[in-house]
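For reference, the structure is listed below as structure tokens.
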Amino acid sequence: MTWNKLIVAIALLTLSACAQIRATGDLGLIIERGTGSLQIIETTTRTSLARVTGLGDLSHASAVYSRDERYAYIFGRDGGLTKVDMLGQKIVARTLQAGNSIGGAISQDGKLVAVSNYKPGGVRIFDADTLEPVADIPAIGADGERSKTVGLVDAPGQRFVFSLYDAGETWIVDMSNRDKPAITKLRDVGKLPYDGLITPDGRWYIAGLFGEDGMAMVDLWQSDYAVRRILDGYGRGEKAMPVYKMPHLEGWAMADGHAFMPAIGHHEVLVAKEGSWKEVDRIAVHGQPVFVMARPDGRQIWVNFAFPDNDTIQVIDVPTRQIIKTLKPGPAVLHMEFTPRGEEVWLSVRDDNRVIIYDTATFQEKGRLPVQKPSGIFFTARAHRIGL
């Protein structure tokens, strides 16, 4: 081979390699709940890049990302913890760590993955690289009984926070020393905490209560972790309706110095002032809210609903707290996800086997993807946000 031909060959190989290079910041995944699979997608081109199969029961699945956005950790209902390579588009590790799992979180330094379990009740923590076990924390309440765990989030200081559904407790686990987890147990926070959220600054952990009207709040900046009750009796004097689907608290919204929260058993979004946490307003909506999500700039709140109203989306204008748009994407809108800067929102429409993409300024449809029984949508920008 002549020198010139060698140069050309090297140049062609370099161009070919460059053409295959892809960054992670524009990626995401969509759970296909009925088939134990997921689609890896790109947001800018609104395209599906690959389907990954073999993830088990994804009927109630969630995901978190490694800090470099390269890997997704999928938490399946069957107790499966699966590590997926977003660039390699394949499973790189998987373990069946429990019998019934409800979600998970990744630590502040990205080195630990925690899983919240119904069966057996408790939290198990794994090495993020290898998925080797690091800690097993049985959720045994003050009554001596094992409890389902819910509302697991990561918190600053290498901590995980979660609640015990049956025992009515909230626990904080400090994993600064991974060999000796330090556990603080807050007793009697309220009846049946069913899920939890942490504010974007990592200060306030709020557990919603299914057994009573109100919420339990923990200030994670205070060393004694004193529990405070907020929004007590928000349904007093009203007849609660049957609850067909629990709200998802990680979808609660913080915007304009206020928290926008779903009222369980009522067709309302509650508004509380951050800091005082007193109710300042309530917004009548189409049905029982499931996700109440803020656009990244905080100007809009998007709300979806439980059955039988789950074909509808409503958009609330934050400054006026008025509903400015009602959309009908299709039957069973299960999940919403904003692009990182909020110009679009992706909606999973389970019973139409599609994901619809809307412009959040004009509310016009921008695209759609065929997806088998879609549920959760998770973009890689979540890697850099507390509690997601």
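Nothing in this text is a laboratory measurement; each read-out follows from the coordinates by a stated rule. A quick note: this is a predicted structure, and the numbers were derived from the prediction, not measured.
Table for the structure above
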{"item": "Euclidean distance of C-alpha centroids, the range 173-233 and the range 288-332, integer Å", "result": "27"}
{"item": "Cα gyration tensor shape for the range 62-113, rounded if a/c is under 1.5, else prolate or oblate", "result": "oblate"}
{"item": "Folded to 0 to 90 degrees: helix 3-20 orientation relative to the chain principal axis, Cα", "result": "20"}
{"item": "Answer label for volume of the Cα convex hull per residue in Å³ (calculated), chosen among (i) 193; (ii) 126; (iii) 155", "result": "(iii)"}
{"item": "Estimated 222 nm signal from helices in the chain, with DSSP H stretches of n ≥ 4 weighted -39500 (n - 2.57), rounded to 500", "result": "-1500 deg cm²/dmol"}
{"item": "Whether the range 310-378 is rounded, prolate or oblate, judged on the alpha carbon gyration tensor where a/c under 1.5 counts as rounded", "result": "prolate"}
{"item": "Eligible aspartates and glutamates near K148 by straight Cα distance, threshold 16 Å, same-chain separation 8 or greater", "result": "D78, D136, D166, E169, D188, D195"}
{"item": "Beta bridges by DSSP in the chain, antiparallel share as percent, to the nearest 5", "result": "100"}
